[in-house]
Amino acid sequence: MKYLVLISRLLIGSYLIITGLVNANDVIGYSYKLEGIFTSLDLNFGVSTSVLQAGIFSFVSMLLGGMLLLGEKVRMTLFLVTLFVLMNLISDLFLSNHIEGNSWNNGVFQFLLSLLCIFLLVKGAHIKPLFSSIKQKVILTTFVLVAAIIPIYSYSFLPIVDFGNYRVGMDLKVITEEENRNFNCFDMDGNNSTKEVLEYDGHQFLVVIQDIKSCHSNAFQKFNLLAEEAEKHGIPFLSVASNNTSEIEDFRHEVQAAYPFLQADQQVLRSMIRSNPGLILLDGSTILAKWHFNSVPTYADVASEFNLKTGGPTLIQ
C-alpha cells in the first residue's frame, strides 16, 4: 500500500509542479486561456484580472506540488491539492470548447488524477516528511521564492523558454503557409502588405501592438528613438496593430510615431509576442530577436549584436 501511495504522491506532485512551471513560464499565454473561460461565462471582472489569476494559479500549482512531494502539512496539502485538481477537471469537462488546446482526453486525465487525490486523502497517514524540520523549511522557502519569481519575470519580460509558433528562429513565411490563423497585414487603406513585409531582403524592426486600448504607450518614447536611428541607417521600422484605422491614427499622433502602421488579427499578434507592445527584429522573414516593452534596446546595442544590414528602401509607406 505504501508503494501505491508513494507512486500517487510522485505522479500528482510532479504533475502540479510541471503544470505550474509551464503556466508560469508563459503567464500571459495562460491568462488568455482564463480569459476564454470568463468570457464564456460572461464574467467581465474575471477577464480584467486574468493575468493576476494566472500568476496566482501557477504559483499555487507549483507550491502544492512541492509541498506534496516534501510531505509538508500533509492533510491541508492533500485537501487543497484535491480541490485544485477538481477545479481543473470541471474546467476541462464543461469549458473545454472555450479553452484553446483543451480536450476531453485531458479531462479524462484530470479525472484519474482526482481519483488518486481522493485515494491519498484516505491514505494520507502513509505520507511522511522527506527531510528534517530545518531542511524542509529551507527547501520549501527556496521553492516558494522560485515559484513566485518565474511568473513575475515572465510577465515583466518574456517567457524564459518560448514554445510558441512565433519563437526566435521561426520563419514567418513558413508559419503563414502552415497555420490557419496566420500573419497577414494590411496598410491603412486596406491593401495587403504581407508580401512587402515577408519578402524584404534585410533586417527590419516590427513593433507589435495587440490592442492600442490596453498597451503601455510610455514604451513608445524608446521605440521612437530606436526608429530614428534605424531610419538613419536604412533599416525599416514598422508597427502592426489590431485596431481600426481611426484608433491607430489617433494613437500615432498621441505617441508621435512617424513610422508606418499596419493592421493584423489580434490573435496572431498575441501569439507573436507576449508583450503589449513588443518589439521583433526580422532578418528577411525570420524572427531574429524579441524584446518586451520593459527591455527595449538601443539601436547601437542591436547593431553590435546582430550586424544589421539594409535590404534597400521598404515598399511600405
Query raised in the report: In the chain, what is the count of Lys pairs whose alpha carbons are under 17 Å apart, counting only pairs at least 8 residues apart or on separate chains?
Result: 11
Query raised in the report: What nm value, rounded to one decimal, do you get for the distance between residue 232 and residue 49 when each label is placed 7 Å out toward the C-beta?
Result: 4.8
Query raised in the report: So how much slack lies between residue 7 and residue 224, counting 0.36 nm per residue of separation and subtracting their Cα-Cα distance, in nm?
Result: 72.5 nm
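Counting other Cβ atoms within 10 Å of each Cβ, which trypsin sites (Lys or Arg not before Pro) in segment 168-252 have at most 15 and sit in a DSSP loop? Walk me through the numbers on the way to the answer.
Details: sites: 173, 181, 195, 213, 222, 232, 252; in loops: 181.
Answer by residue number: 181.
When DSSP beta bridges are limited to those with both residues in segment 174-311, what percentage is antiparallel, rounded to the nearest 5?
Details: 14 of 22 bridges.
If we restrict to bridges inside segment 174-311, about 65 percent are antiparallel.
Using only DSSP helix segments of four residues or longer, with each worth -39500 (n - 2.57), what per-residue ellipticity at 222 nm results for the chain after dividing by its residue count and rounding to 500? Could you put the intermediate results ahead of the total?
Numbers: 13 runs with 180 residues, N = 317.
So the calculated ellipticity at 222 nm is -18500 deg cm²/dmol.
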Query raised in the report: Could you give the nm distance between label points at residue 56 and residue 191, where each point is 7 Å from its Cα heading toward the beta carbon?
Result: 5.0
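Please work out the ratio of the alpha-carbon Rg of segment 124-259 to 2.2 N^0.38 Å and round it to two decimals.
Cα Rg divided by the expected 2.2 N^0.38 Å: 1.57.
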Requested in this report: Please label the shape of segment 237-314 as rounded, prolate or oblate, based on the square roots a ≥ b ≥ c of the eigenvalues of the alpha-carbon gyration tensor (a/c under 1.5 means rounded; beyond that, a/b larger than b/c means prolate, else oblate).
Outcome: prolate
Query - FRET efficiency, residue 130 to residue 254 (Cβ-Cβ, R0 51 Å, nearest 0.05) - result: 0.35
Query raised in the report: Between segment 57-74 and segment 246-305, what is the C-alpha centre distance in whole Å?
Result: 38
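Nearest 0.05, what FRET efficiency do residue 170 and residue 144 give at R0 = 35 Å with Cβ-Cβ as r? Mind showing how you got there, number by number?
Details: r = 35 Å, r/R0 = 1.00.
Result of the calculation: an efficiency of 0.50.
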Query raised in the report: In cubic angstrom, how much convex hull volume per residue do the alpha carbon atoms of segment 2-156 span?
Result: 99
Report summary line: Reviewing (1) 19.2, 65; (2) 23.2, 72; (3) 20.9, 64, the figure for Rg and Dmax of the Cα atoms in Å actually calculated from this model sits under (2)
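Only the coordinates and a few stated rules stand behind these numbers; no lab work does. Just so you know, these numbers come straight off a predicted model, no measurement behind them. Note that each Cβ is placed from the backbone with ideal geometry, even for glycine, and that neighbours are counted across all protein chains shown.
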